[in-house]
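The values are calculated or read from the model by the stated rules, or taken from the named source; none is laboratory data. All values reported here derive from a predicted model rather than from experimental measurement. Glycine also receives a Cβ, built like all others from the backbone with ideal geometry; neighbour counts cover every protein chain displayed.
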Ligand code: FUB
């Protein structure tokens, strides 16, 4: 995140009347929906967009969010409940600014809310907060997760009970500043003919509060087994990773950022490597695209966002639509209405 918006979202707002599905809520702006099914109910952990009055720039400074609300519903197309403020930035002792895309997990009677926020030095870190309820309120740990970096945590528990966190985003997500292993505020992306920066993954500790191992970079390959290149911006990873498993295959999906696709790649291990497979959703209205995928009552759903309510790229609204899988598990591409 995020390039210059250059009128992208606004142009689309004027010309796209039917936008696939309806916003799940319209009384607040919401984005980056991480959906989970806990005890048979669907819970959505989104970013809570608001007008902070911060000028737009290439690092996404205008995404200056300050709290989270949890949404829930008992079925797709059912009534959506907003459970109010689940965590406020003022109650995260180490946080500076910009509470970006969160995710959640459950283990042994506790719910965990994972969130990226800049620390007081302006470096994105991943924090964790806990609650006995899926809707919070969540209490933040006193420090970020050790060894954490960048943005967009996505937590996946495998069928063997091990839990992994996927993180990362380039540009405003700062992944390019960690290429040497240390934070370098002047770090740059690789040259266009070099392998693209990958997202990172690490197994979580049994108490779900820390990494159990150093974070490792994930490789995303083309079908010939070669790494996607940094210049291949229609296919390479940008931000907003998500992991799910289907019939023993691991599906890593993500945003291509400046080309605005939701893409996916598959592999045989939660650590990858993953082979690029194609597009799940074509570009939506607004600059960012961010998603999650869940199975509910035997069907697969894509939670995503666009900017239907505001026409402004930093004031988004979450939505859900059904996914179609082919017999081999691959997705039928969803074509967002043409502009
Ligand atoms: O919501 C802030 C950022 O926008 C997220 O972290 C990115 O994935 C993008 O959706």
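Which one is nearest to the chain's Cα centre (by Cα) among residues in the range 20-44 that are more than 12 Å from the ligand (Cβ to nearest atom) and in a strand (DSSP E or B)? Residue satisfying both the conditions and the ranking: 35. Of all residues in the range 135-154, those that are at positive phi have Cβ atoms under 8 Å from Cβ atoms of residues that are in a loop (DSSP other than H, G, I, E, B), 6 or more apart or on another chain, in 147/214; 147/215; 150/168; 150/174; 152/100; 152/101; 152/168; 152/290. Candidates in the range 158-174 are the residues that are surrounded by fewer than 18 Cβ atoms within 10 Å (Cβ to Cβ) and within 13 Å of residue 250 (Cα to Cα); of these, the one that is nearest to the ligand (Cβ to nearest atom) is 158. Looking at 243, 208, just one residue is surrounded by 14 or more Cβ atoms within 10 Å (Cβ to Cβ), within 16 Å of the ligand (Cβ to nearest atom) and touching a residue at least 40 places away in the same chain (Cβ under 8 Å), and that residue is 243.
Yes/no per residue for (1) under 30 Å from residue 229 (Cβ atoms); (2) within 16 Å of the ligand (Cβ to nearest atom); (3) at pLDDT 95 or above; (4) buried (at least 19 other Cβ atoms within 10 Å of the Cβ):
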| site | (1), (2), (3), (4) |
| --- | --- |
| 280 | yes, yes, yes, yes |
| 302 | yes, yes, yes, yes |
| 306 | yes, yes, yes, yes |
| 311 | no, no, yes, no |
| 316 | yes, yes, yes, yes |
| 319 | no, yes, yes, yes |
| 333 | yes, no, yes, no |
| 337 | no, no, no, no |
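Within the range 226-247, being closer than 22 Å to residue 114 by Cα and not in a strand (DSSP E or B) holds for 237, 238. Taken over the range 117-136, the residue count meeting the criterion of being out of contact with any strand residue (DSSP E or B) (no Cβ under 6 Å at 6 or more places or on another chain) and either more than 20 Å from residue 97 (Cβ to Cβ) or modelled with pLDDT under 95 (or both) is 2. When the range 284-339 is filtered for residues that are out of contact with any strand residue (DSSP E or B) (no Cβ under 8 Å at 6 or more places or on another chain) and over 25 Å from residue 74 (Cα atoms), the ones remaining, listed by number, are 287, 311, 312, 313, 326, 327, 328, 335, 337, 338, 339. (1) surrounded by fewer than 19 Cβ atoms within 10 Å (Cβ to Cβ); (2) touching a helix residue (DSSP H, G or I) at 6+ places or on another chain (Cβ under 9 Å); (3) under 29 Å from residue 302 (Cβ atoms): which one isn't true of residue 89, the others all being true? Going through the list (1) surrounded by fewer than 19 Cβ atoms within 10 Å (Cβ to Cβ); (2) touching a helix residue (DSSP H, G or I) at 6+ places or on another chain (Cβ under 9 Å); (3) under 29 Å from residue 302 (Cβ atoms), residue 89 breaks only (2). Taking first residues from the range 158-177 that are closer than 21 Å to residue 210 by Cα and partners that are modelled with pLDDT under 95, the Cβ contacts under 8 Å between residues at least 6 apart in sequence or on separate chains come to 169/1; 173/1. I'd like to check something: does the range 135-147 contain any residue that is within 24 Å of residue 255 (Cα to Cα) and within 14 Å of the ligand (Cβ to nearest atom)? The answer is no; no qualifying residue exists.
Determine whether residue 327 is exposed (fewer than 13 other Cβ atoms within 10 Å of the Cβ) and more than 16 Å from the ligand (Cβ to nearest atom). Yes.
Taken together, the criteria place residue 202 among residues that are under 22 Å from the mean Cα position of the chain (by Cα) and over 19 Å from residue 122 (Cβ atoms). Scanning the range 85-125 for residues that are in a helix (DSSP H, G or I) and either at positive phi or within 16 Å of the ligand (Cβ to nearest atom) (or both) yields one hit, 89. The selection criterion, being in a strand (DSSP E or B), touching a strand residue (DSSP E or B) at 6+ places or on another chain (Cβ under 6 Å) and within 16 Å of the ligand (Cβ to nearest atom), does not hold for residue 250. Of all residues in the range 154-183, those satisfying the criterion of being out of contact with any strand residue (DSSP E or B) (no Cβ under 8 Å at 6 or more places or on another chain) and under 21 Å from residue 205 (Cα atoms) are 160, 161. Is there a residue being within 14 Å of the ligand (Cβ to nearest atom), surrounded by 21 or more Cβ atoms within 10 Å (Cβ to Cβ) and within 25 Å of residue 243 (Cα to Cα) anywhere in the range 51-64? So far as the range 51-64 goes, yes, one or more of its residues are within 14 Å of the ligand (Cβ to nearest atom), surrounded by 21 or more Cβ atoms within 10 Å (Cβ to Cβ) and within 25 Å of residue 243 (Cα to Cα).
Every condition in (1) touching a strand residue (DSSP E or B) at 6+ places or on another chain (Cβ under 7 Å); (2) under 24 Å from residue 116 (Cα atoms); (3) surrounded by 15 or more Cβ atoms within 10 Å (Cβ to Cβ) holds for residue 189 except the one numbered (1).
Look through the range 130-158, keep the residues that are part of a loop (DSSP other than H, G, I, E, B) and under 14 Å from the mean Cα position of the chain (by Cα), and return whichever of them is nearest to residue 243 (Cα to Cα).
153
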